[in-house]
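As structure tokens, the structure follows; a few thoughts come after it.
Just so it is clear, none of the values below were taken in a lab; they were calculated from the coordinates. Just so you know, these numbers come straight off a predicted model, no measurement behind them. Here the Cβ is made from the backbone with ideal geometry for all residues, glycine too, and neighbour counts use every protein chain on show.
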Amino acid sequence: MSRQTRLLIADLASNLCAVRRLPRIRAMFATVLAIGAGVGGVCIALIGLPRGLGSDAFSPVFRWVALSLGLMASGALLAALARAIPGRAAAKRVGDALAALGVGAALWAAVLSAIEGGFSTESFSLIDAAHCGGTAVLLGIPALFCAVRFLRRGVSLRPLLGLALACLGVIALSASAVHAVCPSRNPIHLLLGHASAPILVALGFLAGLVLIREFRQRRSN
Amino acid sequence: MLRKRRIETEEERLWGRLMQAAQEGDAAAYERLLHEILPVIRRHVVSQIRGVDVAEDVVQNVLLSIHRSRHTFHPARPFAVWLRAVTRNAVIDSLRASGRYDRRHEPLERHDIASDSEEFALRGEALSPELSNALDRLSGPQRQAVELLHIRDLSVAEAAKEAGVSGSALKVRAHRGRLALRRFLQEQAR
């Protein structure tokens, strides 16, 4: 052992202080999920479920979008939290797989709509789709705040990717509440305003974080 | 196909208990743990990094990473898996940084500056032009850390307070600053 290393060890030990352990993944996951589900539940309670949801729930596109949002929410959140803790590679892989399946389910919903000839623009409004997406983002802010606090305490090799995945998971969770209360059944609206919103927001979030990092690096240079 | 779960050895379970004690502030347990895992860390690092001097720098970076991320270890999880992940991440970080780092460096001979914290004392002495130039090349935070700890000779607590960061963060900055200074001085020596 070199003298420098010996001194470093002595230095680290001499100034040691107690630390507050990061919660386990399941606890962090449950906390974020509870906040997201709570906010979504309040939204559903206030707005109420649309009439005819029972029959619409069996519509293929509606079901696949709902499945997609559920998979993206659970998978992306798990992948993000697992990345913050060293040695949780298995959990990270499971999360990545679930999130990928969620994106795949959204794509399959789009394919199904195309096959069934359901891309009708008659009742589609881009403003309504943006409204649903924006609502999902607003509803997801409390849970995102909680997830970011956990991630900042963790140690990740790719912190920006972790944050983007957390954004994807949380927005997908709140989008599922929007999906439940939204009266529109137009397939394009469901795909753009509900299923795509988490993905687009997460990509935008990641791009924004990368730009901020580049700006800071240039400033410090 | 399920992966076979590796059985944790008694030694690894002991390390887990030592880390748990370190999380509660037990300095003796922490120091013992770091000494005991050092050969394991060095084996991982040497298998991936060329050059003994560079490997030792990376080993020190791994120790700092362990120190910074000790709060992420949970006693119910295997310590060896956590240690391997922290080591791997620190090695990857070092390899990323090594794109700007010339591995074919020679041991420092021209200057009296040692890179360990105790000997790196420049208190009040006139800085050579080479050292001044090298200090100017450091990033702001690293230069501040080196100046506070080694030129103004403040204690870690005092320096951390002045810099507005935690003691651990300041020590990491100072350590990286010392490594960078050594690199710059070697470049100037060629």
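For the Cα atoms of chain A, what angle does the longest principal axis make with the long axis of helix A:25-47, in degrees from 0 to 90, nearest 10? Roughly 30 degrees, rounded to the nearest 10. Counting beta carbons within 10 Å around each of B:His175, B:His35 and listing the fewest first gives the order B:His35, B:His175.
In order along segment A:75-83, phi translates into HN-Hα couplings of x, 5, 5, 4, 4, 5, 5, 5, 5 Hz, rounded to whole numbers, per the Karplus curve 6.51 cos²θ - 1.76 cosθ + 1.60 with θ = phi - 60° and x for Gly and Pro.
Helix A:89-115 axis versus longest C-alpha principal axis of chain A: approximately 20°, rounded to the nearest ten. So how tilted is helix A:196-220 from the main axis of chain A? Cα-based, degrees 0 to 90, rounded to 10. It works out to around 30 degrees. In order along segment B:164-169, the phi-based Karplus estimate (6.51 cos²θ - 1.76 cosθ + 1.60, θ = phi - 60°) of 3J(HN,Hα) comes to x, 10, 6, x, 4, 4 Hz; Gly and Pro are listed as x. Could you tell me which of rounded, prolate or oblate describes segment A:76-167, using a ≥ b ≥ c as the square roots of the eigenvalues of the alpha-carbon gyration tensor, with rounded for a/c under 1.5 and, failing that, prolate when a/b is larger than b/c and oblate otherwise? Oblate shape, in that a/c is at least 1.5 and b/c is the bigger or equal ratio. Sort the protein assembly as shown into rounded, prolate or oblate with this rule: let a ≥ b ≥ c be the square roots of the eigenvalues of the Cα gyration tensor; rounded if a/c is under 1.5, and if a/c is not under 1.5, prolate when a/b is larger than b/c, oblate otherwise. Prolate.
Neighbour counts of C-beta atoms inside 10 Å place A:Ile127, A:Ile44, A:Ile25 in the sequence A:Ile127, A:Ile44, A:Ile25, starting with the fewest. Ranking of B:Ser132, B:Ser139, A:Ser196 by neighbouring Cβ atoms within 10 Å, starting from the fewest: B:Ser132, B:Ser139, A:Ser196. Geometric descriptor of chain A, per residue, is 161 Å³ (volume of the convex hull of the Cα atoms).
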